[in-house]
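A.B. asks: Provided herewith is a single structure, encoded as structure tokens, for subsequent inquiry.
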Amino acid sequence: MQRRHLLTAASAAAASIAMPSAWAQSAGYPNRPIKVIVPFPAGISPDVIARLVGDKLSQALGQPVVIDNRPGAGGMIGSEAGSTSAADGYTLFYSVKAVHAIAPNVYQKPQFNPVRDFKAVTQLLLVPHVLTASPNTPYNNMKELVEFAKRNPGKIDFASLGVGSHPHVAMEAWAQRLGIKLNHVPYKTNPSPDVMSGVISLSIEGSASAIPLIKAGKVKGLAISGAERIASLPDVPTMTEFGSTLDVNGQIGSSWHGIFAPRGTPDDIIAKLNTEIVKIVKMPEIQSRMRDLGLTPTGTSAEALATVAASDYAFWGKIVKDFDIKVE
């Protein structure tokens, strides 16, 4: 009997020694500032939302939440920084579909794998995109665009944010499904001014920037990605209203924003962050602000975001390979 007690005590001691240090660290989490790496410059939609959520998260956790903008290389610079950060819950990564699922498939030698090197925390929102056209184009809807493009193959230019960007690969995928040929013009800066002036005929804009341009008559809205029309653009139909298989559930045209942590971050920290951030996303003031920008707030489980991110990574990997899109 005494021997059994000794064995039990020894086993308990060994278990406490073998307990990962990360578990011990997470017990008082957080006790210092948290950094959120955003792979975009200040002032654009992901940065705006990151700061909006970060301010509320700081209040909820009682620690500063600092936004660290790391733009460049289609989000790859910020992604690499996020993936190699300490897995202790004090560095988070704000990602979007293009950065997490498209860029790693386009760049030839990525230094990280988004499915392997990140743990999902929560999806924040969905972003519909709008296919916009210059005001002087001879088409006002998808039917007229397709008819014009078929009569004039390769004579319609479309702008993107660069080779391998979401607007680039999404437009290529739509053009293939529509049976039309378009001419891609990659930009290093925002192409909207050239679309407004008529230098370029088409572009794909995120809802937050497209809505004011369309309402002001500076561009035409031809179609919206995703399953639903945008409330503030009630007269602009969805892409699937023109063709039911063009953009099922927005997988081609829409995006998502989500919070991730480096691989190895303790599960209890992930759970705590998920709980607090989902509460923030569900706040009426946050919901209202997001919807004003044409965004659809979500706030999901970590598992749900992990599933979506892995599925999109595989989906876009095939499309990028089919179109042989590469960035050295």
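The values are calculated or read from the model by the stated rules, or taken from the named source; none is laboratory data. Note that the structure is predicted; figures quoted are calculated from it, not measured. Heads up, the Cβs are rebuilt from the backbone with ideal geometry, glycines too, and the neighbour counts pull from every protein chain shown. Remember, those area values only see protein heavy atoms, side chains included, never the ligands or the DNA or RNA. Shrake-Rupley method; radii C 1.70, N 1.55, O 1.52, S 1.80 Å.
A.B. asks: Among the strands (runs of 3 or more DSSP E) lying completely within the stretch 96-180, list those that include at least 1 residues that are open to solvent by 10 Å² or more (accessible area, probe 1.4 Å) and touching a residue at least 60 places away in the same chain (Cβ under 8 Å). First the steps, then the outcome.
C.D. replies: Details: elements: 118-127, 129-133, 157-160.
Passing ranges, in order: 118-127, 129-133.
A.B. asks: Could you please find all residues in the stretch 289-328 being closer than 28 Å to Leu233 by Cβ, more than 15 Å from the chain's Cα centre (by Cα) and open to solvent by 50 Å² or more (accessible area, probe 1.4 Å)?
C.D. replies: Arg289, Arg291, Asp292 - these are the residues of the stretch 289-328 that are closer than 28 Å to Leu233 by Cβ, more than 15 Å from the chain's Cα centre (by Cα) and open to solvent by 50 Å² or more (accessible area, probe 1.4 Å).
A.B. asks: Is it fair to say Gly264 is within 28 Å of Ala50 (Cα to Cα) and in contact (Cβ under 8 Å) with a residue 12 or more places away in the chain? Even if it seems obvious, please write down each step before you answer.
C.D. replies: Working: within 28 Å of Ala50 (Cα to Cα): yes; in contact (Cβ under 8 Å) with a residue 12 or more places away in the chain: yes.
It is true that Gly264 is within 28 Å of Ala50 (Cα to Cα) and in contact (Cβ under 8 Å) with a residue 12 or more places away in the chain.
A.B. asks: Then there's this: Search the stretch 191-215 for residues that are on the phi > 0 side of the Ramachandran plot and at pLDDT 90 or above and pair each with any residue that is assigned to a loop (DSSP other than H, G, I, E, B) and open to solvent by 20 Å² or more (accessible area, probe 1.4 Å) when their beta-carbon atoms are under 9 Å apart and the residues are at least 6 apart or on different chains.
C.D. replies: Within 9 Å, the pairs are Gly198/Pro135; Gly198/Asn136.
A.B. asks: Which residue, of Gly75, Gly89, is touching a strand residue (DSSP E or B) at 6+ places or on another chain (Cβ under 8 Å) and assigned to a loop (DSSP other than H, G, I, E, B)? Spell out how you get there, then give the answer.
C.D. replies: Values: Gly75 fails: assigned to a loop (DSSP other than H, G, I, E, B).
Of the residues listed, the single one that is touching a strand residue (DSSP E or B) at 6+ places or on another chain (Cβ under 8 Å) and assigned to a loop (DSSP other than H, G, I, E, B) is Gly89.
A.B. asks: Given the condition crowded, with 19+ Cβ neighbours inside 10 Å and among the basic types (Lys, Arg), answer yes or no: does some residue in the stretch 59-70 qualify?
C.D. replies: So far as the stretch 59-70 goes, yes, one or more of its residues are crowded, with 19+ Cβ neighbours inside 10 Å and among the basic types (Lys, Arg).
A.B. asks: Right, something else. Based on this model, can you work out whether His184 counts as touching a helix residue (DSSP H, G or I) at 6+ places or on another chain (Cβ under 9 Å) and modelled with pLDDT under 95? Reasoning before the result, please.
C.D. replies: Working: touching a helix residue (DSSP H, G or I) at 6+ places or on another chain (Cβ under 9 Å): yes; modelled with pLDDT under 95: no.
Judged against the criteria, His184 is not a match.
A.B. asks: While we're on this one: Among (1) under 25 Å from Ala302 (Cα atoms); (2) open to solvent by 20 Å² or more (accessible area, probe 1.4 Å), where does His257 come up short?
C.D. replies: Among (1) under 25 Å from Ala302 (Cα atoms); (2) open to solvent by 20 Å² or more (accessible area, probe 1.4 Å), His257 violates only (2).
A.B. asks: Let me ask you something else. Search the stretch 311-327 for residues that are in contact (Cβ under 8 Å) with a residue 40 or more places away in the chain and pair each with any residue that is aromatic (Phe, Trp, Tyr) and open to solvent by less than 70 Å² (accessible area, probe 1.4 Å) when their beta-carbon atoms are under 6 Å apart and the residues are at least 6 apart or on different chains.
C.D. replies: What qualifies is Val327/Tyr107.
A.B. asks: For the stretch 210-301, give me every one of the helices (runs of 4 or more DSSP H) that falls completely inside it and has 1 or more residues that are touching a Ser or Thr at 6+ places or on another chain (Cβ under 7 Å) and within 24 Å of Pro167 (Cβ to Cβ). Walk me through how you get there before you give the answer.
C.D. replies: Values: elements: 239-242, 267-281, 284-292.
Qualifying helices (runs of 4 or more DSSP H): 239-242.
A.B. asks: If the requirement is being without any contact (Cβ under 8 Å) to a residue 24 or more places away in the chain, polar (S, T, N, Q) and over 19 Å from Val38 (Cβ atoms), which of these qualifies: Gln251, Gln287? Reasoning before the result, please.
C.D. replies: Numbers: Gln251 fails: without any contact (Cβ under 8 Å) to a residue 24 or more places away in the chain.
After applying the criteria, what remains is Gln287.
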